[in-house]
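Trainee: Could you have a look at this structure, given as structure tokens, before my questions?
The values are calculated or read from the model by the stated rules, or taken from the named source; none is laboratory data. Keep in mind that what you see is a predicted model, and the values were worked out from it rather than measured. Here Cβ is always computed from backbone atoms with ideal geometry, including for glycine, and neighbour counts include all displayed protein chains.
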Amino acid sequence: MALSDILQKIRDEEARTGRAPGSTRLVAVSKVQPLERVIDVLDQGHRLFGENKVQEAAGKWPDLRDRYDGIELHLVGPLQTNKARQAMELFDAIETIDRPKLARTIARLKEELGHCPKLFVQVNTGEEEQKAGVLPADADAFIAECRDLGLEIDGLMCIPPVDEEPSLHFALLAKIAARNGIDDLSMGMSGDFEKAVAQGATYVRVGSAIFGERVYD
Ligand SMILES: *Cc1c(COP(=O)(O)O)cnc(C)c1O
């Protein structure tokens with residue numbers, strides 16, 4: 001599917017569900033994709049991208065930022081504390097704040113660097129063992145802890161279990177955000193981004209539907 005088709009589907013779903021036009025932004029998740037596919041999407045005018053690994057992003061985005069104005073980059077994969085500094089220098093948003101140690105590290109670096117990307121707390125809505133994110137029951141306390149450290153939490157992010165109805169997870173994330181006064185919701189991927197728009201996503205993270213299947217070698 002082309003970029004323009006995805007954007008159109010988002011606009012259609014916004015209209016169908018009474019969302020304000022343009023209230024959902026598309027994060028094009030470019031991890032593992034060959035550079036020419038990424039450049040093709042940049043040449044179509046898209047500027048908001050997601051990567052899941054700091055190292056991989058560091059290898060491609062500084063050059064691309066030199067060549068294209070207005071690039072915004074989101075980290076959508078887990079962040080190790082020893083990569084936090086590099087992540088804060090490279091990304092405009094970190095969507096995967098998920099534990100006190102990481103929050104404390106980011107708070108310290110924020111002081112030191114004098115700037116901080118937008119921050120999202122990742123919530124493990126499906127309470128899956130193998131998945132990152134705070135448990136739904138711990139989310140309010142963790143958000144409060146981040147705020148006590150001087151961090152602004154702009155959004156929440158989730159990745160629903162593959163075998164469950166994603167809308168229930170999107171609705172849960174929206175509920176947690178609402179009761180904590182948080183505006184941004186990053187939810188929905190290639191297979192379910194329209195459902196996420198219907199549940200109030202302000203960011204959808206779409207990879208393979210834009211770029212084609214990822215080839216790992
Ligand atoms: C890879 C990835 C995506 C995009 O997945 P697709 O199914 O290819 O759209 C979205 N979010 C996260 C966190 C990812 O790691």
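Rundown of residues vs (1) of a type outside the set (Asp, Glu); (2) touching a Cys at 6+ places or on another chain (Cβ under 9 Å); (3) within 16 Å of the ligand (Cβ to nearest atom); (4) farther than 20 Å from Asp12 by Cβ, yes/no style:
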position: Leu149; (1), (2), (3), (4): yes, no, no, yes
position: Met189; (1), (2), (3), (4): yes, no, yes, no
position: Ala198; (1), (2), (3), (4): yes, no, no, no
position: Ala201; (1), (2), (3), (4): yes, no, yes, no
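Trainee: Which count do you get for residues in segment 6-33 that are within 16 Å of the ligand (Cβ to nearest atom) and either in contact with a strand residue (DSSP E or B) (Cβ under 8 Å, 6 or more places away or on another chain) or without any contact (Cβ under 8 Å) to a residue 40 or more places away in the chain (or both)?
Mentor: 11
Trainee: Sticking with this one: Residues to consider are Lys110, Lys83, Lys118, Lys101; find the one that is at pLDDT 95 or above and either of a type in the set (Gly, Ala, Ser) or buried (at least 18 other Cβ atoms within 10 Å of the Cβ) (or both).
Mentor: Exactly one residue qualifies, and that residue is Lys110.
Trainee: Condition check: away from the ligand (no atom under 15 Å from the Cβ) and over 24 Å from Arg47 (Cβ atoms). Does Ala132 satisfy that?
Mentor: Criteria not met by Ala132.
Trainee: Within segment 127-135, can one find any residue that is at positive phi and buried (at least 16 other Cβ atoms within 10 Å of the Cβ)?
Mentor: The answer is yes, given that some residue of segment 127-135 is at positive phi and buried (at least 16 other Cβ atoms within 10 Å of the Cβ).
Trainee: Here are the criteria: (1) part of a loop (DSSP other than H, G, I, E, B); (2) touching a Phe, Trp or Tyr at 6+ places or on another chain (Cβ under 8 Å); (3) of a type outside the set (D, E, K, R). Tell me which single one Pro21 does not satisfy.
Mentor: Here Pro21 clears every test but (2).
Trainee: Residues of segment 131-190 being without any contact (Cβ under 8 Å) to a residue 12 or more places away in the chain and more than 27 Å from Leu109 (Cα to Cα), which ones?
Mentor: Ala137, Val162, Asp163, Glu165, Leu168, Lys175, Ala178
Trainee: Starting from residues that are part of a loop (DSSP other than H, G, I, E, B) and under 25 Å from Asp43 (Cα atoms), keep the ones in segment 203-217 and report whichever is nearest to the ligand (Cβ to nearest atom).
Mentor: The residue in question is Gly207.
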